[in-house]
1. Work through the residues other than B:Thr282 whose Cβ is under 9 Å from its Cβ and net out their charges, Lys, Arg +1 and Asp, Glu -1.
2. Between B:Tyr187 and residues 5 or more places away or on another chain, which pairs have amide H atoms under 5 Å apart, with H built 1.01 Å from N, and which residues are they?
3. Report, by chain and number, residues whose modeled amide H sits under 5 Å from the one on B:Ala401, excluding near sequence neighbours (fewer than 5 apart, same chain).
4. As a footprinting exposure proxy, order B:Leu325, A:Leu56, B:Leu143, B:Leu460 by other Cβ within 10 Å, with the fewest listed first.
5. Checking the a/c ratio against 1.5 first, then a/b against b/c, what shape does the Cα gyration tensor give for the stretch B:268-418?
6. To the nearest 20 debye, what charge dipole does chain B have about its Cα centre, counting +1 at the Cβ of each Lys and Arg and -1 at the Cβ of each Asp and Glu?
7. Pairing the Cα long axis of helix B:518-532 with the longest principal axis of chain B, what angle in degrees results, from 0 to 90 and rounded to the nearest 10?
8. Is there a simple number for the mean count of other chain Cβ atoms within 10 Å of the Cβ of residues in C:220-228, and what is it?
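What follows draws every value from the coordinates through simple rules; no lab data is involved. Remember, it's a predicted structure, so these values are computed and weren't measured experimentally. Neighbour counts run over all protein chains shown; Cβ positions are idealised from the backbone, glycine included.
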Amino acid sequence: MWLSNSSIGRKVVMSVTGIALVLFLTFHMSMNLVALISAEGYNVICEFLGANWYALVATTALAALVVIHIVYAFWLTMMNRKARGTERYAVEAKPKSVEWASQNMLVLGIVVAAGLGLHLANFWYKMMFAEIIGNPTLGGLEATDGYGYIVQTFSCPIFVVLYLIWLAALWFHLTHGFWSALQTLGWSNKIWFERWKLIGNIYTTLVVLGFAAVVVVFYLKSLCCGASCV
Amino acid sequence: MATIDSKIPEGPVAEKWTNYKAHQKLVNPANKRRLDIIVVGTGLAGASAAASLGEMGFRVFNFCIQDSPRRAHSIAAQGGINAAKNYQNDGDSVYRLFYDTVKGGDYRAREANVYRLAEVSNSIIDQCVAQGVPFAREYGGTLANRSFGGAQVSRTFYAKGQTGQQLLLGAYSALSRQVNAGTVKLYTRYEMEELVIIEGRARGIIAKNLITGKLERFAAHAVVIATGGYGNAYFLSTNAMACNSSAAMQCYRKGAYFANPSYVQIHPTCIPVHGDKQSKLTLMSESLRNDGRIWVPKKLEDAKALQAGTKKGSDIPEEDRDYYLERRYPAFGNLVPRDVASRAAKERCDKGYGVNNTGLAVFLDFSEAIGRLGIDVVRQRYGNLFDMYEEITDVNPGELAKEINGVKYYNPMMIYPAIHYTMGGIWVDYELQTSIKGLFAIGECNFSDHGANRLGASALMQGLADGYFVLPYTIQNYLSDQITVPRFSTDLPEFAAAEKAVNDKIDRLMSIQGNESVDSIHKKLGHIMWEYVGMGRTAEGLKKGLEEIKKIREEFNKNLFIPGSKEGMNIELDKAIRLEDFITMGELIAYDALSRNESCGGHFREEYQTEEGEAKRDDENFFYVGCWEYQGSDEKAPVLIKEPLHYEAIKVQTRNYKS
Amino acid sequence: MDKNISFTLKVWRQNGPKEKGHFETFQMKDIPGDTSFLEMLDILNEQLISERKEPVVFDHDCREGICGMCSLYINGYPHGPATGATTCQLYMRRFNDGDTITVEPWRSAGFPVIKDLMVDRTAYDKIMQAGGYISVRTGSAEDANNILIPKPNADEAMDAASCIGCGACVAACKNGSAMLFVSAKVSQLALLPQGKVEAARRAKAMLSKMDELGFGNCTNTRACEAECPKCISISNIARLNREFIKAKLKD
């Protein structure tokens, strides 16, 4: 199968799963913004995306994408390290046009994955998972009270900092990942390369800012209302 | 004395090749599989020959000394390749290309060979385009042409300033295809060390694996050498570092005649020598002469100031510049053939008008072209050459330096002639077969097509003509009666003897254990060659040169030092083997130059010049190819055998580029 | 006139592919600025020979930046700090008095060291043999002007074709990937009508040979493009990807 036994095929898997995950992030970010406007509205969405069959199917698919993306990442990195040979350069320099992110995608990816773990523990475990096992108050609040969990989580400065680090890593990961995915799929040339890079940077920044806005706004709100870590 | 049979077919010159092909003997496909051919060299000639022969069905063994066939020095040719396509509708024709080549070669080439070269030139362009060579094109999608020295038509096809590279990559890709098909077996980092002759025919080679240092034996029904020229005998030349004359010398020592060694081309547009640590000279493409104007100051005091570094080229106004080529040769101007341009530069510098600190440089100026075409167009044409020049010299020729009275002066380049190409080489007949049966020589390493001087953009043409379109036919005429000869065993005593001879030589060189490195002796040889056997030769100088070369040989035999051992890779040993052959080669050049009491093309004897300083040929006494026969020892002077030239289609005239 | 400089030279010495290598340090004195890097190594070798030691082995040939033979990883850069130039076109005026200059061979599993600074790049030949050509029989070509090629396509093909096969892209790539090299050839031929016929087969064959020979996967870091002495663009890699994916989807 060319998607596993050719170098371009393996990269196609990375880029297709990556693009799908970017689309998911876009959706997730848009959903989060609702929390800034209306608590009820946000919880309606949470309820809609509870342990329903369609949400479960989508979540499973999403999980599969994440797993494939990560497994391929490690696999590719292992192969690439082998291709580099046993001896390392004693002196290495980085040309100006080489982005830092592009050479550290795995590290960034690991940070992103760790953040994801935290995020699942903070929200998914208490919401969808709670519903699946039939214990809606597993996390202390109602499983569909996403708004409540947001308020709770981001009142804690430690989580705020961790989430912001996570988002920063995500930003670096995506700024490279965006154009890189299109390049791998062959949708690029000398002109479009620059365009994709610009579009990717703007798009990534908007997505990450959208996420960060929720984190920051709810933290600031918590400062006003005096809530604290649970 | 031996007689020479050049095997030129009967009939008018325009029909000879067609007649030959119609009547030559062929080898049928089943038999081709049973015949082996060794091709030494993977440049334009070697790669194209190996690819074509393999494709025909012969079993080919192809050798190169570099790590890949693509490194061969054909790659460095910048300017272009000639062909008589007449795409520009400027009156070109096969005859005109033939005529220009013979005239450019100062009427010392073999007419029939040159006509064939011009005839197949068009097929080369077709072949290369079909292979994916990205020649420059017009906006309409047709192929573009430029003009080149020695011609009044635009017949040169080019791929940026990298034509040689692109043509070689084309031939290399054809070769790669045959390697993949299994018809050609490739041996990289192998160097030919000896020719093996069995019963008077070339039947194999001894080659050294340059990585392991081991000698290996290879047998075949025919041997083709395509090993390039001998310009590195001069140490400093535009040739690559590994270019050498050893394969040719091995053939010469085994009895192949060496023809016209004194015809050495000096290229007029090289970057001047900068110091004694220099390892090679860099050529700036001759295409620069299309738009660049060559000049030195009119006033001697300006030249003195330039030499002292108190003035720059751009400080000298238009009226004080002597565009000496345009002055002396109004019809061709800056586009005179290479030998004429080179000598004219030497003449000016000898008179003290040189423009750099050594006094051995002239200017090549683009101010006028930039004014006429704009910097963008000029950069489009020569940008990569300008960049290359800047990298080496720290001067940017596209940079505006000064404005005097509204005239814009850009930084001029400095150029000086340097050894570039060798027209002489192993003697071959019309079939490209040497005087040893079964041994063929193609490309620069044979002598046949350029006479005493080669026109720009003709080397690529000849290499590919020989490899794609001539040798694959003519070699069959030889092989057709070899089909009953079974493959040879490399255990035959001839192979053992040849290998032992090489081994003995290596042991001898390794055991000298003197105090001088190969390069230091090579540099000394180079100085002697340039001084006495260079651009302006005299009988007295040549005799002196021969004496000096003898001393170099003594020094080499007594004082050479090679570190390490003969086992494994030993780059100094490999260089030493080549140097020993360069010494013999150098002598051969000098012998030929001394015997040729005339000036023609790349061979200029100061005693034989017109009052205006132009070359003075002597057609009565020297209208022949000078073939040199080895006399059994490097110490003994070789013997000259003459192949008289017969011209039927062209009337021999004095070359005239003035009007 | 360029000034002379003195510096410390650290050179990788390794006796053979399987042997362990190490750095050797030399003090270079009064090297003129207009000496090329390789001429500087010539000077070092002459010194070594005069001390009856074995010279440093390195690949080099044309010394005018076109044959692709020279390599050398200098101070962290393939072909040294100059851009758009090979090692042989690097001049000592780029360096300063008192510098330490570290010279290493290309390091990649695809290019094993032969000796000292010389590496084995026959993998590139093998990739070319797998499909880097147009199958045309000698003498069977039609007139060169029969097929018109738009100038922009011809120019782009020429840019791709200017690859000299030196291996700097692999040396620069943290993944040891040969994608820039492969893509330059695939691009050149895919851009020309003559090469289109075999484009799919070529992309597949050359890529699978590259993978087979142990080169890594491209992760679009662009180090290859930045270090390429002929400034080959990674847009060629995009084209290779396109050609390859197209071919695979068609199968």
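1. With Lys, Arg at +1 and Asp, Glu at -1, the net is +1.
2. Under 5 Å from the amide H of B:Tyr187 lie the amide H atoms of B:Asn62, B:Phe63, B:Cys64, each far enough along the sequence or on another chain.
3. B:Tyr409, B:Tyr410, B:Asn411
4. Exposure proxy ranking, most exposed first: A:Leu56, B:Leu143, B:Leu325, B:Leu460.
5. Judged from the Cα gyration tensor, the stretch B:268-418 comes out rounded (a/c under 1.5).
6. The dipole of chain B has a size of about 960 debye.
7. 60 degrees
8. That works out to 6 on average.
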